[in-house]
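Handing you a structure now.
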Amino acid sequence: MYLEMTAAPQSVRYSWIARTPAERARTMALHARFVRVNRVVMLTVAACVAPAVFIVDRPVPVAALACFGFGQYAVVQQLAPRRARPELWLFWSLLVAAACIAGAVVLSGLTEYGALGLLIWPASGLASRFPTRAVIVGTAAIAGMLIVGWAVGAPEVLRTAPVMVSGFVAVYIAVAANISVLRLSDTAHHSAATVDELTRLPNRVALRVRADELEAKPQVEHSSALILLDIDHFKTINDEHGHQAGDDVLAALGLLLSDAVRGDDTAYRLGGEEFAVLVRGAEIAQAIELAQRLLDRAREATLAGHRVTLSAGVAVSPAGQPVSWKRLFARADAALYQAKEDGRDRVKAALGGDAGTVAA
């Protein structure tokens with residue numbers, strides 16, 4: 001497994017929220033969409049609530065608690081993508097923000113006036129980002145905060161108007177459920193557009209999205225290696241055994257690649273018999289070693305009853321510099337072309353910024 005060869009294998013850790021690379025990637029992609037909107041929402045809520053601070057009981061602790069809740073989440077949503085398990089940071093930070101809001105409302109003495117309705121913000125934030133299991137846990141926690149808030153801040157309401165409290169809980173659950181349906185629908189449409197139907201690998205569109213993310217950073221913390229793979233003499237399989245046999249080989253190779261690539265690295269099908277592997281944190285020697293291992297596994301396997309070989313081209317974008325995807329892809333493609341020219345079933349690698357290649 002390539003995970004044993006990476007520069008920092010301990011960084012690849014998953015959680016009960018994101019159990020697979022795909023779940024983590026989807027959660028963080030949704031989070032990225034909401035970062036800018038969240039800033040506007042938090043500023044709007046703060047502007048609407050700020051005047052009330054001057055007329056409530058204990059204004060200093062109320063303001064301090066509210067500022068801490070909003071402030072810590074504002075910081076975490078910026079820093080979480082750099083952490084080993086970013087989904088946990090975001091999840092717990094939203095719940096901390098919810099607890100701070102509930103505490104500030106209770107301290108202010110505004111509980112009986114429905115101020116706990118502000119908890120709808122973290123409840124909707126959870127439902128819009130995380131998988132269903134995390135939404136259930138988070139919504140239950142916020143509903144618990146709501147009930148405790150009423151019990152502490154306005155216990156008489158629980159006795160005289162319990163329907164009000166249950167109505168608030170029902171609204172939060174309904175909002176979370178409706179947003180979750182929209183999130184799942186968006187996920188399904190996204191998967192249909194970015195997953196290759198035959199191999200179940202991410203497709204060229206998904207790779208382009210990932211490339212845009214890399215290029216958007218002024219500089220990258222880790223190097224990125226691109227491995228381009230091509231099945232040797234694939235046309236012969238189609239010509240001699242039919243296109244169904246060719247499809248079966250492609251599907252089998254997709255399974256082989258997804259099994260061989262682990263952690264933050266991802267295999268893609270570009271189209272036809274062409275595949276790619278994007279490797280995070282690998283230097284040229286590690287990328288060559290992984291490419292050679294993929295070639296060896298394909299050569300030793302029987303893919304849908306056929307023996308095949310692969311050719312590979314490797315290129316690396318170094319850490320600490322902006323990524324030029326067009327240049328990285330062109331260098332890997334040139335190395336792949338050289339591998340096929342030199343007899344196939346081999347790895348070639350582009351050296352540094354040079355267009356030349358070297359036998360791996």
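Can you compute the helix-only [θ] at 222 nm over the chain? Use -39500 (n - 2.57) per DSSP H run of at least 4 residues, normalise by all residues, nearest 500 deg cm²/dmol.
-21000 deg cm²/dmol
Which of Ile284, Gln338, Leu253 sits farthest toward the positive end of the charge dipole of segment 204-359, with +1 on the Cβ of Lys and Arg and -1 on the Cβ of Asp and Glu?
Ile284
Can you give the charge dipole size of segment 14-194 about its Cα centre, rounded to the nearest 20 debye, using +1 on the beta carbon of Lys and Arg and -1 on the beta carbon of Asp and Glu?
720 debye
With a 10 Å Cβ neighbour count serving as the proxy for reagent exposure, in which order, fewest first, do Cys100, Cys48, Cys67 appear? Don't skip to the answer; put the middle values down first.
Working: Cys100 21, Cys48 10, Cys67 14.
The most exposed by this proxy come first: Cys48, Cys67, Cys100.
Loop by DSSP (not H, G, I, E, B), at most 16 other beta-carbon atoms within 10 Å: where is the longest site-free stretch of the chain for GluC sites (Glu not before Pro)? Could you put the intermediate results ahead of the total?
Numbers: sites that count: Glu197, Glu221, Glu283.
No qualifying site falls inside 1-196, the longest such stretch.
Using Cα pairs under 8 angstrom and six or more residues apart, how large is the relative contact order of the chain, in percent?
Details: 532 pairs, mean separation 53.7, N = 360.
Normalised by residue count, the contact order of the chain is 15 percent.
A further question on this structure: Just flag the trypsin sites (Lys or Arg not before Pro) in segment 265-307 sitting in loop per DSSP whose Cβ has no more than 16 other Cβ atoms within 10 Å. All intermediate terms of the calculation are to be shown ahead of the outcome.
Numbers: sites: Arg269, Arg280, Arg293, Arg297, Arg299, Arg307; in loops: Arg307.
Passing both the DSSP loop test and the Cβ count: Arg307.
Right, here's the next one. In whole Hz, what ³J(HN,Hα) sequence does segment 202-214 give by Karplus (6.51, -1.76, 1.60; θ = phi - 60°), x for Gly and Pro?
Values per residue, Gly and Pro as x: x, 9, 4, 4, 5, 5, 5, 4, 5, 5, 4, 5, 5 Hz.
Turning to a different aspect of this structure: Which value, in debye to the nearest 20, gives the size of the charge dipole of the chain about its Cα centre, when Lys and Arg are +1 and Asp and Glu are -1 at the Cβ? It would help to have the intermediate numbers written out before the result.
Values: 35 positive and 33 negative charges, 193 e Å.
It comes to approximately 920 debye.
If I fit a long axis through the Cα atoms of helix 21-53 and take the longest principal axis of the Cα atoms of the chain, what angle between them do I get, 0 to 90°, rounded to 10?
That works out to roughly 30 degrees.
Follow-up. In nm, to one decimal, how far is the Cys67 label point from the Arg83 one, both placed 7 Å along Cα→Cβ?
The two pseudo-label positions are separated by 2.3 nm.
If you don't mind, another one. If we sort 229-236, 321-328 on the protection proxy, mean other Cβ atoms within 10 Å, highest first, what's the order? Could you put the intermediate results ahead of the total?
On the way: 229-236: 18.0, 321-328: 15.0.
Order by mean packing, descending: 229-236, 321-328.
In straight Cα distance, which aspartates and glutamates are under 12 Å from Lys235, not counting same-chain residues fewer than 8 positions off?
Asp247, Glu273
Taking H as built 1.01 Å from N, whose amide H comes closer than 5 Å to the amide H of Val195, not counting residues under 5 places away?
Here Asn203 satisfy the definition.
Just to confirm the number: angle between the C-alpha axis of helix 86-108 and the first principal axis of the chain, 0 to 90 degrees, nearest 10?
Computed tilt is about 10 degrees.
Which of the aspartates and glutamates could be linked to Lys326 by a straight reach, that is with a Cα gap under 16 Å, when you skip same-chain ones fewer than 8 residues away?
Asp212, Glu213, Glu215, Asp354
Kindly state, as a whole number, the per residue volume in cubic angstrom of the convex hull around the alpha carbon atoms of segment 14-194. Before the final figure, lay out each step's value.
Details: hull volume 19.0 nm³, N = 181.
Value for segment 14-194: 105 Å³ per residue.
Taking the Cα centre of segment 204-359 as origin, sum charge times position over the Cβ atoms of Lys and Arg (+1) and Asp and Glu (-1), and report the length of that vector in debye to the nearest 20.
Numbers: 19 positive and 24 negative charges, 52 e Å.
It comes to approximately 260 debye.
Right, something else. Among the lysines, select those whose C-alpha is under 17 Å from the C-alpha of Lys348, and discard any that sit fewer than 8 residues away in the same chain.
By straight Cα distance, Lys348 reaches Lys340.
Every read-out reported here was derived from the displayed coordinates using simple, explicitly stated rules and does not represent laboratory data. Owing to the predicted nature of the structure, the values given are computational and were not obtained by experimental measurement. In this analysis, Cβ positions are derived from the backbone assuming ideal geometry, glycine residues included, and neighbour counts consider all displayed protein chains.
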